[in-house]
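The values are calculated or read from the model by the stated rules, or taken from the named source; none is laboratory data. Bear in mind the structure is a predicted one, so any value in this text is a computation, not a measurement. Positions of Cβ are backbone-derived with ideal geometry, glycine not excepted, and every protein chain shown enters the neighbour counts.
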Amino acid sequence: MLQLPWIPFTKDIFTMNMVLTSNLPPQPTTFIGREKELRELARLLRDPACQLISLVASGGSGKTRLAAELAQQHIAEFDDGVFFVDL
């Protein structure tokens, strides 16, 4: 796959098909802080024994923004892409 960094698609150079690799919503602000949480979540992402990660906290505490930042930082590690599903 040829990664095109400015759009969330890759181009399969063998079939020349465009493949969606992300639908992460654009973030209007820079992510600041929460490095400790990002490191711990990154460790869990890389752990093959970990099949599910749940972020639990009160409303408005930044769970969705934290998850979106984690996904954006690690998008290249997932061959099939990273996708946001609004529940």
Complete set of residues in segment 55-69 that are surrounded by 11 or more Cβ atoms within 10 Å (Cβ to Cβ) and assigned to a loop (DSSP other than H, G, I, E, B): L55, S61, G62
Among the residues listed as L45, L52, the single one being assigned to a loop (DSSP other than H, G, I, E, B), at pLDDT 90 or above and either under 21 Å from D86 (Cβ atoms) or among the aromatic types (F, W, Y) (or both): L52
Residue tally, condition over 19 Å from F31 (Cα atoms) and touching a His at 6+ places or on another chain (Cβ under 9 Å), over segment 43-87: 2
